[in-house]
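S.K.: Please find one structure pasted underneath; my questions will follow.
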Amino acid sequence: MNNKSYLIINSGSSSLKFCLFIGDKAQADLTGIAERLSTAQAEISWQYQGEKSQVSLGEADHALALKKLFSVLTELNLFDSLSAIGHRVVHGGEYFKESALITPSVLNKIEACSALAPLHNPAAIVGINAVAEQLPDIAQVAVFDTAFHQTMPEHSFLYGLPYELYESQGIRKYGFHGTSHQYVAGKAIEVLGLDKNNSGVITAHLGNGCSISAVQNGLSVDTSMGFTPLEGVMMGTRSGDIDPSIHQFLADKLNLSLKEITDMLNKRSGLLGLSGSSNDMRTLSAKAADGDKQAALAIEVFAYRLAKSIASMVVGLNRFDALVFTGGIGENSFLVRGKVINHLAVLGFELDQNLNNQGGDTFGIITTPDSRKAIIVQTQEEWVIAQDTIRLTAQA
Ligand code: AMP
């Protein structure tokens, strides 16, 4: 039994999510978030042994929030067992094909990828540096959203653009949500008893951000997100794929800057843009049930575009064993799962309505016995980060 504990940190530009795993179990023992950092309303909240606590942080930044977190861990007698810290890092570019123990050279490379993820990588670096300053002897590990997709072949990660843009600017598909796709694909292979070396699954990570991945023999061969997380399927507030000429058209017609248009595509499109009311699938499903036509339309477009993207992913596979649903929507919305499966009837899918409504059979399967399999798997992104942290620091 391993009694060491591992802290997992997900730094955003104004927030810092964290969870602590004690020993080898997949369930986090302490979870929390420091929010509105560097504003007068900064606060930290956490949950431990069923008890929720919240403390105002004044105008704390990431470093002060971490200091408070370490003092909370000390008060709870959890600090002394802290053995390593794992960070979620969004972009590893082409440098990182897997998670890495953080060294000065690794940190430089994460910095070099900041141009590719200007909102996310600098936040992760702030978190890593703040830990290093306060706990200089603790081992830190970086786990990248992009790493799992580094096995994509050239024909799937290149765009039809001048090749020199790939060479000089790194313009290519990178893909995101890698820890989730890797974990749920692995689980589905295990649960369905598939051959690890001869299997093809398509994973649909459907949360606020959504992406699809084609996974051949456990390796990513294609994915819907691209150079940024804006590409691919429609999401809560992101448009997903659109005709790139729309930028120019809107700039000319509405006198908008490129930044304003990109902002609109990231923050005011997708489910929110189409419904005109919410980016939240639970809210929209309730509204649609109450007769809100825009909410119903937003769900229809979401499900159709999703099914289309899933169907296109088949091209990357040698065989197609199962479709995997995960993320807040994938795990909970029988409405979306049902619509997607029905759109995919031509690929041999047949929904078992009862199983779908009840969240799957004991394995999570929601299709009939004769159907190609569709299965729900709960994602465990933090646990994947913790496992890599444990593995890499044990080797160090
Ligand atoms: P995530 O980013 O993985 O937390 O997923 C957030 C999305 O999952 C939001 O659109 C939620 O509305 C959606 N979601 C969570 N629970 C449900 C539910 N029971 N039914 C429908 N959508 C849900």
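Each value in this text was obtained by applying a stated rule to the coordinates, not by laboratory testing. Remember, it's a predicted structure, so these values are computed and weren't measured experimentally. Counting neighbours? That spans all protein chains shown, and the Cβs are built from the backbone with ideal geometry, glycine included.
S.K.: Taking the stretch 296-343 only, how many residues are within 10 Å of the ligand (Cβ to nearest atom), more than 18 Å from Met234 (Cβ to Cβ) and crowded, with 22+ Cβ neighbours inside 10 Å?
M.R.: Adding up the residues that qualify gives 0.
S.K.: Further question: With the checklist (1) surrounded by fewer than 24 Cβ atoms within 10 Å (Cβ to Cβ); (2) of a type in the set (A, V, I, L, M); (3) within 16 Å of the ligand (Cβ to nearest atom) in hand, flag the one item Leu219 doesn't pass.
M.R.: Result: Leu219 fails condition (3) only.
S.K.: Further question on the same structure: If I go through the stretch 252-272 residue by residue, how many of them are within 22 Å of Val336 (Cβ to Cβ) and surrounded by fewer than 18 Cβ atoms within 10 Å (Cβ to Cβ)?
M.R.: First, pick out the residues of the stretch 252-272 that are within 22 Å of Val336 (Cβ to Cβ): 265-272.
In the following step, the residues that additionally are surrounded by fewer than 18 Cβ atoms within 10 Å (Cβ to Cβ) were identified as 266-268.
Summing the residues that are within 22 Å of Val336 (Cβ to Cβ) and surrounded by fewer than 18 Cβ atoms within 10 Å (Cβ to Cβ) in the stretch 252-272 gives 3.
S.K.: Just to be sure before I move on: is Ile9 in contact with a Gly (Cβ under 9 Å, 6 or more places away or on another chain), part of a strand (DSSP E or B) and under 21 Å from Leu392 (Cβ atoms) in the structure I sent?
M.R.: Numbers: in contact with a Gly (Cβ under 9 Å, 6 or more places away or on another chain): yes; part of a strand (DSSP E or B): yes; under 21 Å from Leu392 (Cβ atoms): yes.
So Ile9 passes the test.
S.K.: Looking for whichever is in contact (Cβ under 8 Å) with a residue 24 or more places away in the chain, among the basic types (Lys, Arg) and away from the ligand (no atom under 12 Å from the Cβ) here; the options are Lys259, Lys267. Which one fits?
M.R.: Details: Lys259 fails: in contact (Cβ under 8 Å) with a residue 24 or more places away in the chain.
After applying the criteria, what remains is Lys267.
S.K.: For Ser180, are the conditions met, namely being within 16 Å of the ligand (Cβ to nearest atom), out of contact with any Phe, Trp or Tyr (no Cβ under 6 Å at 6 or more places or on another chain), within 18 Å of Val315 (Cα to Cα) and among the polar types (S, T, N, Q)? Walk me through how you get there before you give the answer.
M.R.: Numbers: within 16 Å of the ligand (Cβ to nearest atom): yes; out of contact with any Phe, Trp or Tyr (no Cβ under 6 Å at 6 or more places or on another chain): yes; within 18 Å of Val315 (Cα to Cα): no; among the polar types (S, T, N, Q): yes.
When the stated conditions are applied, Ser180 does not pass them.
S.K.: Of (1) within 16 Å of the ligand (Cβ to nearest atom); (2) closer than 18 Å to His181 by Cα, Ala288 satisfies all except one. Which?
M.R.: (2)
S.K.: Right, another one. Tell me which residues, restricted to the stretch 12-23, are assigned to a strand (DSSP E or B) and under 18 Å from Arg391 (Cβ atoms).
M.R.: Within the stretch 12-23, the first condition is being assigned to a strand (DSSP E or B), and the residues that meet it are 16-22.
If the condition is that a residue be assigned to a strand (DSSP E or B) and under 18 Å from Arg391 (Cβ atoms), then Cys19, Leu20, Phe21, Ile22 are the ones that fit.
S.K.: Shifting gears a bit: Pairs under 8 Å by beta carbon, first residue within 15 Å of the ligand (Cβ to nearest atom) in the stretch 189-212, partner basic (Lys, Arg) and outside any helix (DSSP H, G or I), six or more apart or different chains?
M.R.: Partner pairs satisfying both residue conditions: Gly209/Arg238.
S.K.: I've got another one for you. When the stretch 72-86 is examined, which residues are found to be outside any loop (DSSP other than H, G, I, E, B) and more than 25 Å from the chain's Cα centre (by Cα)? Show your work before the answer.
M.R.: Let us first name the residues in the stretch 72-86 that are outside any loop (DSSP other than H, G, I, E, B), namely 72-75, 82-86.
Correct list: Val72, Leu73, Thr74, Glu75, Leu82, Ser83.
S.K.: Right, another one. Quick check: is even one residue across the stretch 97-109 part of a helix (DSSP H, G or I), out of contact with any strand residue (DSSP E or B) (no Cβ under 8 Å at 6 or more places or on another chain) and surrounded by 21 or more Cβ atoms within 10 Å (Cβ to Cβ)? First the steps, then the outcome.
M.R.: Let us first name the residues in the stretch 97-109 that are part of a helix (DSSP H, G or I), namely 104-109.
Among the residues that remain, those that are also out of contact with any strand residue (DSSP E or B) (no Cβ under 8 Å at 6 or more places or on another chain) are: 104-105, 107-109.
Adding the requirement that they be surrounded by 21 or more Cβ atoms within 10 Å (Cβ to Cβ) leaves none.
Checking the stretch 97-109: not a single residue is part of a helix (DSSP H, G or I), out of contact with any strand residue (DSSP E or B) (no Cβ under 8 Å at 6 or more places or on another chain) and surrounded by 21 or more Cβ atoms within 10 Å (Cβ to Cβ).
S.K.: Which pairs do you get when a residue that is in contact (Cβ under 8 Å) with a residue 24 or more places away in the chain, found in the stretch 281-299, comes within reach of a residue that is not in a helix (DSSP H, G or I), reach meaning Cβ atoms under 6 angstrom, with the pair 6+ apart or on two chains?
M.R.: What qualifies is Met281/Ser333.
S.K.: Something else now. Of all helices (runs of 4 or more DSSP H) completely enclosed by the stretch 297-388, which ones contain at least 3 residues that are more than 22 Å from Gly209 (Cα to Cα)?
M.R.: On the way: elements: 327-332, 334-343, 353-357.
Hits in the stretch 297-388: 353-357.
S.K.: Can you name every residue in the stretch 41-71 that is within 19 Å of Lys4 (Cβ to Cβ) and either buried (at least 18 other Cβ atoms within 10 Å of the Cβ) or within 26 Å of the chain's Cα centre (by Cα) (or both)?
M.R.: Tyr48, Leu69
S.K.: Being surrounded by fewer than 17 Cβ atoms within 10 Å (Cβ to Cβ), part of a loop (DSSP other than H, G, I, E, B) and not charged (D, E, K, R) narrows it down to one residue among Leu165, Leu161; which is it? Please lay out each step first, then the result.
M.R.: Working: Leu165 fails: part of a loop (DSSP other than H, G, I, E, B).
None of the other options fit; the residue is Leu161.
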